[in-house]
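Bear in mind these aren't lab numbers, they're just calculated from the coordinates by the rules spelled out. What you see is a predicted model, and the numbers here were worked out from it, not measured in a lab. Virtual Cβ from ideal backbone geometry, glycine too; neighbours counted across all protein chains shown.
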Amino acid sequence: MAHYRLKAPLSDEDILRLHAGDTVTLDGIIFGIRDANLIRLFDKKVELPADLIPQLKGSIGIHTAPGVRKLHDGTYEKISIGTTTSYRMDRFTKGLLKDYGMKVIIGKGGLLEDGSQALVDFKGCYFTIIGGSAALETTQVEAIEDVWWEDLMPEAIWKFRVKDFGPLIVSIDAHGGNKYKDVKKVAKDNLDKLLESLN
Amino acid sequence: MAVIDYKANYTNVWEVDDNFYQYVEDTCKTLYIESLKDLPPDVRRALERAHEREELESGKEILSTLIKTVSTADDQKLLICQDTGIPVYFLKIGSQVRFDGIRLQQAIKKGTERATLEHPLRSSIVNTLTRKNHGTSTGNQVPVLHYEFVEGNEIEILIVPKGSGSENMSYLKMLTPAAGIEGIKKYVLECVFESGANPCPPTIVGIGLGGTADKCAALAKKAAAREVGSPNPDPDVRKLEEELYILINKMGLGAQGLGGSTTALAVHIEAADTHMTCNPVAVNMMCWPARRMRATFKSNQEPIISY
Ligand code: SF4
């Protein structure tokens, strides 16, 4: 289990070095995405703002809708930034990687089969950030640099600059490694034994 | 409902005045904000205990991150989790209090809105069909209010901001009488397995037993909102709580569903009687930041705030 310090944009080589169980600390830019903006993009087929598209190549996304305060000059100040459960956005993983070149998705709870397979097919990784630990993560966000689709507030698309962001766990990698699956497999065996003992 | 022995006693009636509703509004604002920042002591102790006991190194590290999150929230007055949840309130209303229930509801809603706008807090409440966010953490039938009538001349308001990661992992099944207690145990184990990492474990597993389908689901939420480890007074129910706590933690899902022996911080059950053909079981989990805060109003006094 190795520890890496990473900064976007990330290349295929950066991704292929990572294995499930490794840990990561991030610096630099991450993009906040989630249900409403991904539904608009992929289901309602509304193209992303033109200035955002090139920034997504090699980028890192995080499943989130932050708590923020809007200032008089139109910028945003952080109140609370954490992560949300990823399975709801699983089916958008492929599009983010294939069409826009996103390399990493940060979230909690893991991805389903299709999303995990997209990581293998398009060389991406899923990093777990500890769910519920927004207080800690908020202190690691240096600035909210930009925002798109503000009408979806708080489910807009956010650009955060982070420093020492973590601890992050590489839980699903580009080689088919998947910590959640490993744990669930063991838990399933345990469950079966427990159910058996209750008969 | 222990109303059988109740003897009406109106020697100490509290007829609230207009100020009361303003107090309630101000207090609900405070309760919502503070409950998101300050974790109850029983939950803190449960996390510490879990951290001491966890043998898997990676699980121990996750638990220490949770503890660090709580202390960061304390030191920097931050929200523990960004999900401000669905505001749920449990009210206990004393038999000797006289008040206008509609004004009380309005005051609770207003306080919730003010917390959201004035702090500000992220509003998570949307119209279920149009998905439009109201920006106030309130809406049609939100906040969710539960009422209980008790003896005495106090009103207690308990807020439980319920995170959606854990709320989305809710279950209800009408088992058959033949499934028995073993069937209940099996179903709860399957639910916890199924929910995996999603409800931000370690969780408080709230279980409702009996009643009708709707009553059973409400009991599960009430159980999840109890103080960690507060045992059910019924010895049969308590025994089941203890057994399920051990069984669930034997599964090995662990903190954040990434392995270890800390899947549940506690198992709480609330039970009602049911129809002879029914055996309803509901599961409602509270994520590890099991947030709650309480205000107790007594005649013409500032409320007492506790957890
Ligand atoms: S489930 Fe609970 S801890 Fe997890 S993100 Fe939601 S509110 Fe926060």
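Assorted remarks:
- Subset of the stretch B:115-137 that is more than 15 Å from the ligand (Cβ to nearest atom) and surrounded by 20 or more Cβ atoms within 10 Å (Cβ to Cβ) - its residue that is nearest to the other protein chains (Cβ to nearest Cβ): B:133
- Of the set (1) more than 16 Å from the ligand (Cβ to nearest atom); (2) surrounded by 19 or more Cβ atoms within 10 Å (Cβ to Cβ); (3) in contact (Cβ under 8 Å) with a residue 60 or more places away in the chain, all apply to residue B:106 but (2).
- Filtered by the rule that a residue be on the phi < 0 side of the Ramachandran plot and touching a Gly at 6+ places or on another chain (Cβ under 9 Å), the stretch B:73-91 gives B:79, B:80, B:81, B:82, B:83, B:84, B:86.
- Any hit, the stretch B:182-192, residues being within 23 Å of residue A:179 (Cα to Cα), within 14 Å of chain A (Cβ to nearest Cβ) and within 16 Å of the ligand (Cβ to nearest atom): yes
- Some residue of the stretch A:117-124 being more than 25 Å from residue A:183 (Cα to Cα) and assigned to a loop (DSSP other than H, G, I, E, B): no
- For the stretch B:68-86, the candidate set comprises residues that are assigned to a helix (DSSP H, G or I) and more than 14 Å from the ligand (Cβ to nearest atom); within that set, the residue that is surrounded by the fewest Cβ atoms within 10 Å (Cβ to Cβ) is B:75.
- Of all residues in the stretch B:27-67, exactly one satisfies the criterion of being outside any helix (DSSP H, G or I), more than 28 Å from residue B:304 (Cβ to Cβ) and of a type in the set (A, V, I, L, M), namely B:56.
- Hits in the stretch A:78-100 - residues which are among the polar types (S, T, N, Q) and within 12 Å of the ligand (Cβ to nearest atom): A:80, A:83, A:84, A:85, A:86
- Number of positions in the stretch B:193-224 that are within 16 Å of the ligand (Cβ to nearest atom) and not small (Gly, Ala, Ser): 10
- Qualifying position, being surrounded by fewer than 23 Cβ atoms within 10 Å (Cβ to Cβ), within 14 Å of chain A (Cβ to nearest Cβ) and more than 16 Å from the ligand (Cβ to nearest atom), among B:227, B:243: B:243
- Test: residue in the stretch A:153-166 that is more than 9 Å from every other protein chain (Cβ to nearest Cβ) and among the acidic types (Asp, Glu): yes
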